[in-house]
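Here's the structure, in structure tokens; my notes come after.
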Amino acid sequence: MNTNPRSATDTGRPREGFWSRMADPSFNVLTTAILLTAVVLIVYPLYFIVIASISDPNLIQQGKVWFLPKGTTLEGYRTLFANDALVRGFGNSLLYTGVGTLISVVITLTSGYALSRKDMPGQRLVMILFVITMFFDGGLIARYLVVKQLGMMNTMWAVILPGAVSVMNLIIARTFFEQNVPVELREAAQLDGANDFRFFWRIALPMTKALVVLLAMTHLVGYWNSYFDAMIYLNDENKYPLQLVLRNVLIQSQASASMDTGSIDNYAAAQRLGELIKYSMIVVSTIPLLALMPFLQKYFVKGAALGALK
């Protein structure tokens, strides 16, 4: 009979995994602290923009606004929404973003699938030509002449079509189809009588839900934030997107402040209003994307991981 109070398997040595269990809490605390710091560095600037848009700009410049708004005012938002062009620009941005994203996703998916097919004639040459455009660009003048000769000046197509295809997204789509749509599946579908178009729409496309969300989000953000193409190709202010309208409102407020020589008080008031408009326009232009991102983040990350290059 064993009278040793310790277990027969206990040799007095430290138990296996003791130091690893001691190290785990320290590692968890360290990683949690790093992640919390990263969250603060990312979230706080967004939060500061929101509270600055309803705070007195003088207090902001004096460094008195940190966590809560002070000298609360909605003058910046009232000035923005009093402009009829803002609502019109918001509608134009929705139209350009919706149509542009749809066209971009359709072209990228179909082109990416075609380039993923090894039996496509000239597939390698076409891919090389696409990649070359990532390193060499015709320039603004060449693009302007092409848009003008195609008769797209001062139309929504001048804003949508020049940036409809991203070569990087095309490469991601091609890689996604190569890795997730096996050749054996296509051969089996062909044996069952499915042609290439039916295989793409009925079998390959339903497998690309994460990729579709990834492409939609990247193009949606690009079209929503775009203003340069509209500034170059659009002459009619009624067709301006939201970003260009907000830019013009900010420029007009700053110009009126610089031209106001009546009194120091009037100049200071104009400068104050310009600061409020600057913060307010950032909030107005980013809220739609911030509201949409949480619902699509899961598919966005999954699509980026599945379509990434090895």
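Annotations
- Surface accessible to a 1.4 Å probe, per residue, for the residues of the range 168-212, Å²: 58 Å²
- Residues 47, 233, ordered by accessible area of protein heavy atoms at a 1.4 angstrom probe radius and largest first, appear as 47, 233.
- Shape category assigned to the range 60-184 from the gyration tensor of Cα positions, a/c cut at 1.5: prolate
- The range 121-188-the range 204-247 distance, computed between alpha-carbon centres (Å): 16 Å
- Loop-located chymotrypsin sites (Phe, Trp or Tyr not before Pro) in the range 58-163 (DSSP state not H, G, I, E or B) with no more than 10 neighbouring Cβ atoms inside 10 Å: 66, 67, 135, 136.
- Computed FRET value (nearest 0.05) for residue 291 with residue 236, which takes r as the C-beta separation and R₀ as 35 Å: 0.75
- Sites matching trypsin sites (Lys or Arg not before Pro) across the range 136-240 that sit in DSSP coil, with at most 15 neighbouring C-beta atoms within 10 Å: none
The values are calculated or read from the model by the stated rules, or taken from the named source; none is laboratory data. Computed from a prediction, not measured in an experiment: that's the story for all the values here. Every residue, glycine among them, receives a Cβ derived from its backbone with ideal geometry; neighbour counts consider all protein chains shown. Keep in mind that these areas ignore ligands, DNA and RNA; they rest on the heavy atoms of the full protein, side chains included. Shrake-Rupley method; radii C 1.70, N 1.55, O 1.52, S 1.80 Å.
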